[in-house]
1. So if I take the centroid of the Cα atoms in the stretch 151-208 and the same for the stretch 96-139, what is the distance between those two points in Å?
2. Starting at the first residue of the stretch 341-346, write each ³J(HN,Hα) from the Karplus equation 6.51 cos²θ - 1.76 cosθ + 1.60 with θ = phi - 60°, in whole Hz, x for Gly and Pro.
3. Under the Karplus relation 6.51 cos²θ - 1.76 cosθ + 1.60, θ = phi - 60°, what is the ordered set of whole-Hz ³J(HN,Hα) values for the stretch 81-96, x standing for Gly and Pro?
4. Could you derive backbone 3J(HN,Hα) for the stretch 269-275 from the dihedral phi with the Karplus parameters 6.51, -1.76 and 1.60 (θ = phi - 60°), listing whole Hz in sequence and x where the residue is Gly or Pro?
5. Provide 127, 117, 242 in ascending order of the number of other Cβ atoms located within 10 Å of each residue's Cβ, fewest first.
6. Can you give me the distance in nm between label points at residue 297 and residue 335, each placed 7 Å from the Cα along the Cα-to-Cβ direction?
7. Mind ordering 69-80, 148-159, 278-289 by average Cβ neighbours within 10 Å, highest first?
8. Under a crude label model (7 Å from the Cα following the beta-carbon direction), how far is residue 116 from residue 47 in nanometres?
Amino acid sequence: MIQASSVPQTRRAVRFDKRSALPYLLVAVQQAEAAMSAATIVADRLSKLIAERGVLLADGATGTNYFDMGLESGEPPEAWLTEHPDRVERLHSDFIAAGSDIVLTNSFGANAFRLKLHDLQHRTRELNRLAASIARRAANKAGRDVIVAGSMGPTGELFQPLGALTMDAAVEAFTEQARGLVEGGADVAWIETMSAAEELEAAARGALNAGLPYVFTASFDTAGRTMMGLTPEGLAELANRLPEPPVAYGANCGIGPGDLVASILQMSAVAPSDIFVAKGNCGIPQWVGDKVHYGGTPELMAEYARLARASGARIVGGCCGTSPGHIAAMRKALDSGVVPPRPTFEAVEASLGPITRPKAQAGGRARSGRRGGRGDGAE
Ligand SMILES: [Zn+2]
């Protein structure tokens, strides 16, 4: 057995020995080590759970379920953190009871840019802390390991030169949000529904600044690309070139579950050893009057879970329209132990609905300009 004292302390070796720089260097080393240890502990929890359980089930939608629970159109979901914390906790608990291994906090729009629309920007840190602590409370009652993932959505701003957003301002906003999330007990930052590579990077840096490991997912809602033109392969490339890569990455929202599984197939084809997240909508969004409706059945979402797993996803959940009932059906599907062989685009389309890709991406698929409508304010 190796004694701890016999292990050389090479990690602590300081390469520079300029006397004047030493105090600053020591502080920098201490800060880096503090950040590393915080990140390592939390990352291990998610990775450990994936290793233990093979595949993890995330939760379903926040926004569309809140509408069913009484959220008014135009009301920010984050307002419920202070007005109806009991309802926020109840949805987390319902997902956990349905079998979710991961719950996402009610903080999708809780960055200063989005909160400013409701004059709540000065409460960014407090609201994120609250969001994480409510989810933590539900997770702690589960009686098994449940990961609290701190949801971080887009700022809604465009980066320069198309818009006014700078990298520094975006990193600052995401850092503030992530600090609140970690203070409230989040295990991991869950960056979702992203379109721009710059914003993905800014959110990742914000999470790391707060000592949180991160997961990121993009919304491929524009003929196989994000609104800002990122492809699934481009996302895989981005994830692998960041200095501190995500624990897992993938796709959420977008169009329907078939289209989402197609993006997982594309990512796993170029980066087969990575850990992918699939969080697809509950069917294809359809306008009913002035509301977007998601009509997927529990059976459809169970089939989606099997096909997402077979396509390489190790974390499977639902986005808009996915209720605890759908999650329970997905739990059964994943627990059946039956993993079908890696599907073709045609098989996915036949089971789950249309795949919208240019010919080159999907081998014979016609280009479609169809765009998915989204629930407002939260996934
Ligand atoms: Zn969604």
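1. A separation of 14 Å, based on Cα centres.
2. Here the 3J(HN,Hα) series is x, 3, x, 8, 4, 5 Hz.
3. 4, 9, 7, 9, x, 5, 5, 4, 5, 4, 5, 4, 5, 5, 5, 5
4. For the stretch 269-275, the Karplus curve yields 6, 9, 9, x, 8, 7, 9 Hz.
5. Numbers: 127 25, 117 12, 242 16.
Ranked by crowding around the Cβ, least crowded first: 117, 242, 127.
6. 2.2
7. Working: 69-80: 16.6, 148-159: 23.8, 278-289: 21.6.
Highest-to-lowest ranking by the protection proxy: 148-159, 278-289, 69-80.
8. Distance between label points: 3.7 nm.
Taken together, the values in this text are just the output of simple stated rules run on the coordinates, not laboratory data. Bear in mind the structure is a predicted one, so any value in this text is a computation, not a measurement. Backbone-built Cβ (ideal geometry, glycine too); neighbour counts: all protein chains shown.
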